[in-house]
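The structure under discussion appears below in the form of structure tokens.
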Amino acid sequence: MGLLSRKVTCNSHGQDSSYFLGWQEYEKNPYDEVKNPKGIIQMGLAENQLCFDLLESWLAKNPDAVSFKREEQSIFKELALFQDYHGLPAFKKALVDFMAEIRGNKVSFDTDHLVLTAGATSANETLMFCLAEKGDAILLPTPYYPGFDRDLKWRTGAEIVPIQCSSSNGFQITESALEAAYQEAQRKNLRVKGVLVTNPSNPLGTTMSRNELDLLVNFVTDKEIHLISDEIYSGTVFSSPAFVSIMEVLKDRKLENTQVWERVHVVYSLSKDLGLPGFRVGAIYSNDPIVV
């Protein structure tokens, strides 16, 4: 053990939490209607398998997409050599167009503000490394995705302070809950660096109201802290209230040339909306050029 780092031997990675232990038990004994009807049903993992027929039929009609070709000419060498570390420019252009489309084209995105990552897990951790370190805290509404204890805290050294939300109002964020979490962090001698929300919510599946989003913008403006909006379910909304991106709120309020503009960051991924978690395609969208 003495030859390993303290980081790798510490017990803050969250892998022994009930969430991940349950995942391991499922993998040992997965349910199958015919072969294993007494197996475990995975209820802790969001996998969208409704798009496969559309994706597979499109790939069948567009074989160049999976054969490293463009206009029937090989692009294997082009792809195999060094790329822009922010991501393949053509893919970034396609992704920002898709992100705008699923938001009803009410907001547009600039490829220069986008960095591709190996999934949203990597995006969130990378963003945390940019914004926080040991002694800092991120405020997070409850209930939250258990993997955040690993993604946000383990290697960065930052802490999570919960924003206590209640079922009595549909788990909406309130001004008093935000202020209470902020004060709790200060009591723990933690410097609050920002608020992270999942919108639509993981695990609730709810969308944040416009009032909540305005409240968050006002709060981070007043406290001079960051706001991270994890919007990986933004294209998977089927009922009201409709999803509203934090970027739409900023633009509607004409905040483009203010300080808060650069302190708002969006995380996105193809894992949920297109059901492609194995492809490991995530993205950080930030208005701060230094973060990018």
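The values are calculated or read from the model by the stated rules, or taken from the named source; none is laboratory data. In this text the structure is predicted, and so the values were computed from the model without any measurement. Note that we place each Cβ from the backbone using ideal geometry, even for glycine, and neighbour counts take in every protein chain shown. Only protein heavy atoms, including side chains, enter the accessible area calculation; ligands, DNA and RNA are left aside. Shrake-Rupley method; radii C 1.70, N 1.55, O 1.52, S 1.80 Å.
Okay, residues lined up against (1) of a type in the set (A, V, I, L, M, F, W, C); (2) surrounded by 13 or more Cβ atoms within 10 Å (Cβ to Cβ); (3) more than 27 Å from LEU114 (Cα to Cα):
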position: HIS13; (1), (2), (3): no, yes, yes
position: ILE40; (1), (2), (3): yes, yes, yes
position: LEU59; (1), (2), (3): yes, no, no
position: PRO63; (1), (2), (3): no, no, yes
position: LYS77; (1), (2), (3): no, no, no
position: ALA80; (1), (2), (3): yes, no, no
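Any residue at all in the range 266-278 that is open to solvent by 30 Å² or more (accessible area, probe 1.4 Å), at pLDDT below 95 and not in a loop (DSSP other than H, G, I, E, B)? The answer is yes; a qualifying residue exists. How many residues does the range 121-165 hold that are in contact (Cβ under 8 Å) with a residue 40 or more places away in the chain and over 26 Å from PHE279 (Cα atoms)? Final tally of qualifying residues: 10. Of all residues in the range 116-144, those satisfying the criterion of being assigned to a loop (DSSP other than H, G, I, E, B) and surrounded by 19 or more Cβ atoms within 10 Å (Cβ to Cβ) are ALA132, TYR144.
The set of residues in the range 175-192 that are in a strand (DSSP E or B) and open to solvent by less than 40 Å² (accessible area, probe 1.4 Å) contains only VAL192. With respect to SER229, determine if the residue is of a type in the set (S, T, N, Q), in contact with a strand residue (DSSP E or B) (Cβ under 6 Å, 6 or more places away or on another chain) and either under 21 Å from LEU274 (Cα atoms) or assigned to a loop (DSSP other than H, G, I, E, B) (or both). In short, yes.
Working only within the range 13-43, note down all residues that are part of a loop (DSSP other than H, G, I, E, B) and in contact with a helix residue (DSSP H, G or I) (Cβ under 6 Å, 6 or more places away or on another chain).
HIS13, GLY14, GLN42
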